[in-house]
Number of protein chains: 2
Amino acid sequence: MVAANQIPTTADVAPTHPARESAAPVAGDRAADVVTDVIVVGGGGGGLPTALFSRWLGNEVVLLEKAPELGGTAKKAAFWYWVPNNVPMRALGLSDEEPDFLRYVARLARPTAYDPTSPTLGLSQWEYGMCRAIYDSASPAAELLAEKGALEYRHCPDVVDYWSEIPEDKAPTGRVLVPRDARDTMSDGGAVGVASMAAAAERDGVDVRLGHRVQRLVLRHGAIVGVEATTQDGRTHRIAARKAVIFATGGFTHDVDLRRNFLHTPVFGGCAALTNEGDFLAIAGPVGAQLRNMNYAWMCPVPLERAVARDSRLSGMFSVAGDSTVFVDKTGRRVVNEKLQYNELAQKFFTYDGDTGEYPYLVLVQIWDQRSQDHSASDEYGRQIVPAGTDDGHVIRGETLEALAAAVADRLSRYAHVTGGLTLDPNFVPNLQQTIDRFNGFAERGVDEDFHRGEKPVQLLFNGSVKDEPGRTNPTMWPISSSGPYYASLVTGGTLDTKGGPRTNTEAQVLDDTGQPIPGLYGVGNCVASASAQAYWAGGATLGPIIAFAHRAAQAADREPIREPRQLTPSPS
Amino acid sequence: MVAANQIPTTADVAPTHPARESAAPVAGDRAADVVTDVIVVGGGGGGLPTALFSRWLGNEVVLLEKAPELGGTAKKAAFWYWVPNNVPMRALGLSDEEPDFLRYVARLARPTAYDPTSPTLGLSQWEYGMCRAIYDSASPAAELLAEKGALEYRHCPDVVDYWSEIPEDKAPTGRVLVPRDARDTMSDGGAVGVASMAAAAERDGVDVRLGHRVQRLVLRHGAIVGVEATTQDGRTHRIAARKAVIFATGGFTHDVDLRRNFLHTPVFGGCAALTNEGDFLAIAGPVGAQLRNMNYAWMCPVPLERAVARDSRLSGMFSVAGDSTVFVDKTGRRVVNEKLQYNELAQKFFTYDGDTGEYPYLVLVQIWDQRSQDHSASDEYGRQIVPAGTDDGHVIRGETLEALAAAVADRLSRYAHVTGGLTLDPNFVPNLQQTIDRFNGFAERGVDEDFHRGEKPVQLLFNGSVKDEPGRTNPTMWPISSSGPYYASLVTGGTLDTKGGPRTNTEAQVLDDTGQPIPGLYGVGNCVASASAQAYWAGGATLGPIIAFAHRAAQAADREPIREPRQLTPSPS
């Protein structure tokens, strides 16, 4: 057990990578230290497949990773990847036609603009084109990764989309793949997938350079012809690219200033790799890149304390496990369906009260009893109910509701400086008792009249383990015990990572303000704008499209003209 | 009377200014058509005072305005300006100390980060410094404009801040000034203020050029030395600046793509001048400017139909007038205090329902009876209850609630393509009747138990005219009649204008990614990042700070070194 005050603070986290320098581009008239065909920046879930696809097309590839190891955010993830119309679906006879797919993604990406009668379904022409590219390329990309042994998969025929119940979803199951050798719960998919792709990169001759922070672009005659990267020893390395530089550096989850100034909600960090600091925004701006979808993020609930500590071990709460458990607000009242899919659940914390000028649900308190502790504990998927012997510094205990409330109030007081001074209401305990009484009635009948908990398939997908209760119709609910001990944890909203950055075309080329490609510059993954807008379509809606665009980027970069290689020879050493 | 189907559509709006071209900066090695000391781009509430302040310091000033007339958004506004610690306040003995001012603005700008024990109160160092600059400079700037006869003011000692009730507001009244010759209701302040500043500009020799759209910067040795602008005749004009180029071009309210990709809510346009298309974002990006506060806007409810039509006459609904009136949602239920200050009321339309993936309050229906029609009609401040003989195309009528609901449903159906298919609930009429019954009970007792209508001073400030009812304690409510006719209007959320853009320092210099000024480039007003973050502190919290930074920009630009004027002489003509 780790006490809460042992959770590291931001100041305790030693930097593991070089500091940021000026991102102003430099002229390409100096000789490079290294010359290659394609530079891939970032070695996570976007960069590794991009490098592999480029290499398999016969290119020399240098991969530059800021961290001391490969993997980025993907390594922490379950690495589900959402692949429309994939090969195993077709083998099973599951239909997934493009027009249906496009209606599903458009309806969720832009709910207020969705128009089934519009040629682009209410999306912008750009978004529509990008969604078509996902449909076309995710499956071929996944197949190629599998054929080459870089990322073999197993199909999850029964895993549902996150909005499987809406009429626009004509393929509610079958789009999710996971790394073949992931465990049954799939939670270690990222470690498995990163390991196999890294092994393939080594096997196939990708030149991987760790601890290299790309600081700026090298520009000649309006084209990107390389990068400058720095290492912890203070050196600046110029790497030249004959064909292209492809960024796959992740979003800006860990830059508080960018978060506050772009995102639609005041989130508390998230579970992206700590190296996701928005580097590409500063680097791409001065060469004319235009930004899109800067307001939205892949969101999830996060434990308040680890988020504030900027703990590298933070996991998003992808599954709120347990049946005898509720979330309550500072007044002791339920305000949300605790089993909503994580992206939607995370929005609730940022409900704004225009009467008081406050965010009354900024921190919610998950409360559970001994039953859920005994039967639903797990250290996977960011669950707050964790097994004995694991790190439980976030768990607050009380023998009675009164004692629990006092301990929660005490814990909250440590975070007043980052919550706008949020405290428990004086009536918290009586309200909580009423809340539990009402919830228990719902649980006995299996029907949540307030928030409809457990009514949709996705809510069962993430219910986690619960004590078996024969005959029960709704496994997401069970009455909370009338006697202690009770447990609690402070929960708020965060990001897996952000969704905004330079706008790219369907070939992953970064576009300028007139929509023209900036020659030689590409982007893939969370460092560039996602056409998903506000939607989280399904599990793996992050990595499926990323792999699709990795494939398209590599193909387009391969077709680039060679840019004056004679000026790019390495300097004599 | 104008029928609703006569409201112009976007396609009908003829362009009044040159089209956008590439914003890529050009080299400064070609001779200019015109040379001046300071170029001011934009002739609205930011550009006019900036030009005047620069001119009064002895500079040659060219002002370039895209539209065929001066005024921009300010001309449409009431032109309140919020000036902390202003001279009339001091004369009245109203105290407004800087530490109190800073706590008030910080509490509202960043509610979740506010920390009274922090040296910057939870703001970023940049935000804190900008707020101090507002406190220091708004009053001297206002005084200078008045002394010079460009913008004489009258003090509004009784007008309250928008959050006058919170403990951080130690100067709840007295910070608002309006143009001296505005009418009693102050609604024509913008026309008055723009006219007097434009007259001063002509009197004092500012070289005003209308119909000039600035397309890009002229760059030499890393410094901004001029701009290129185009005119409707297809010509490109190069104007050189010996000292500085100061942008004051407004926000991006009228660029739907920028709105969707940056703002925290999916708003429907707004009441900014139609020329506010975010030009400075494309122009400043390629010279390395970093963007801030791109997520927030000055918000207000707007009439749905005019917003969709992109009608240049659109006014934000700054005052929801009437007592026998309510807003209801598509189910016929009240969901908000209709008298909330406009920026806060506008947030409500964008409440997201994570269970259904919809924005259930995207369009609310204002409903009123003959009493409010007879006693609260006004064409000022964007009120929807308008007098006979004025443009009432937005008004929907019905002799009974059933007839009204049918007419509302019909009107809504015309907008299904821009509301995600929003329709009235089948139970709208019975729910509406229940809503009216409940509201009428509150109105009789003067207490709104659901939403607290009329409980705060700011809600009385914007109540508008209502029929006098001796002895009434809450003038914001009166029972809605049990007999028709009834009236309705479709309401949604929009912007006055947006708040984001390049980050500037306290001298209004645009900053690069390392926080260093880009030599010669300045920005003022809604085209650059506002340190107000999400807050709308008070009426005039737009123009007060803008005037402060106009003053600071002009002073700093005046101190700039002359940049190689021999290369900037006009070409022989």
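Each reported figure results from applying straightforward, stated rules to the coordinates on display, with no laboratory input. Computed from a predicted model, the values in this text were never measured in an experiment. Positions of Cβ are backbone-derived with ideal geometry, glycine not excepted, and every protein chain shown enters the neighbour counts.
In the stretch A:324-369 the Cα-Cα distances spread across 10 Å bins starting at 0 as 27, 55, 16, 1 percent of all pairs. Diffusion of chain B by Stokes-Einstein, at 20 °C in a medium of 1.002 mPa s and with Rh set to the Kirkwood radius over alpha-carbon pairs, works out to 88 µm²/s.
In the protein assembly as shown, the DSSP beta bridges split such that about 70 percent are antiparallel, to the nearest 5.
Residue of chain A with the Cβ closest to the rotation axis carrying A onto B, and that distance rounded to whole Å: A:His264, 2. Between 0 and 90 degrees, the angle of helix B:189-204 with respect to the longest Cα principal axis of chain B falls at about 10 degrees. Helical runs (DSSP H, four residues minimum) scored at -39500 (n - 2.57) apiece and divided by the length of the protein assembly as shown put the mean residue ellipticity at 222 nm at -8000 deg cm²/dmol. Here the relative contact order of chain A, from alpha carbon pairs under 8 Å that lie six or more residues apart, stands at 24 percent. The three principal axes of the Cα atoms in the stretch B:253-372 give end-to-end lengths of 57, 37, 23 Å, sorted in falling order. How large is log10 I(q)/I(0) at q = 0.18 Å⁻¹ when the Debye formula is applied to the Cα atoms of the stretch A:407-531, each weighted equally and without solvent? The calculated log intensity ratios at q = 0.18 Å⁻¹ are -1.06. With N counted as the residues of the stretch A:200-239, its alpha-carbon radius of gyration over 2.2 N^0.38 Å works out to 1.40. In this rough spin-label picture, where each label sits 7 Å from Cα along the Cβ direction, the B:Arg472-A:Gln516 distance is 6.3 nm.
Over all other residues within a Cβ to Cβ distance under 11 Å of B:Arg333, the charged ones net out to 0, with Lys and Arg as +1 and Asp and Glu as -1.
Amide H neighbours of A:Val335 under 5 Å, at least 5 residues apart or on other chains, H built in the peptide plane: list them. When sequence neighbours closer than 5 places are left aside, the close amide H contacts are A:Asp329.
The stretch A:102-180 and the stretch A:224-251 have Cα centres separated by 32 Å. Anisotropy class assigned to the protein assembly as shown is oblate, per the alpha carbon gyration tensor with a/c at or over the 1.5 cut-off and a/b no larger than b/c. Given the pairs A:Lys467/A:Lys499; A:Lys76/A:Lys148; A:Lys148/A:Lys339, which are separated by over 27 angstrom at their Cα positions? Long pairs (Cα-Cα over 27 Å): A:Lys467/A:Lys499; A:Lys148/A:Lys339. Backbone phi angles across the stretch B:356-368, fed through the Karplus curve with coefficients 6.51, -1.76 and 1.60 (θ = phi - 60°), yield HN-Hα couplings of 9, x, 10, 10, x, 9, 3, 10, 10, 10, 7, 10, 9 Hz in residue order; Gly and Pro are listed as x. In chain A, the longest principal axis of the Cα atoms and the axis of helix A:401-413 are about 30 degrees apart. Could you please tell me the mean projected area of the C-alpha convex hull for the stretch A:73-144, averaged over all directions and given in square nanometres to one decimal? Taking a quarter of the hull surface, the average projection is 6.2 nm².
Taken over the C-alpha atoms, the stretch B:383-463 has Rg and Dmax values of 15.9, 42 angstrom.
Solvent-free Debye calculation, one equal scatterer per alpha-carbon of the stretch B:200-266: log10 I(q)/I(0) at 0.16, 0.17, 0.26 Å⁻¹ equals -0.78, -0.84, -1.13. Our coupling estimate for the stretch A:110-119, obtained by passing each phi through the Karplus curve with A = 6.51, B = -1.76, C = 1.60 and θ = phi - 60°, is 9, x, 7, 9, 4, 9, x, 8, 7, x Hz, Gly and Pro reported as x.
Of interest is the spacing of the C-alpha centroids, which for the stretch A:521-546 and the stretch A:316-367 amounts to 26 Å. Ignoring aspartates and glutamates fewer than eight residues from A:Lys330 along the same chain, the ones with Cα atoms less than 12 angstrom from its Cα are A:Asp425. Separation of the stretch B:27-97 from the stretch B:456-490 is 39 Å, based on Cα centroids.
For A:Val40, the residues whose modelled amide H falls within less than 5 Å of its own, excluding neighbours fewer than 5 places apart on the same chain, are A:Val62, A:Leu63, A:Leu64, A:Ile246. Bridgeable aspartates and glutamates around A:Lys243 (alpha carbons under 18 Å apart, same-chain partners fewer than 8 residues away excluded): A:Asp29, A:Asp33, A:Asp37, A:Glu60, A:Asp207, A:Glu228, A:Glu507, A:Asp558, A:Glu560, A:Glu564. Helix B:98-109 versus the longest principal axis of chain B: what angle, 0 to 90°, nearest 10, using Cα atoms? So the helix axis and the longest Cα principal axis differ by about 60 degrees.
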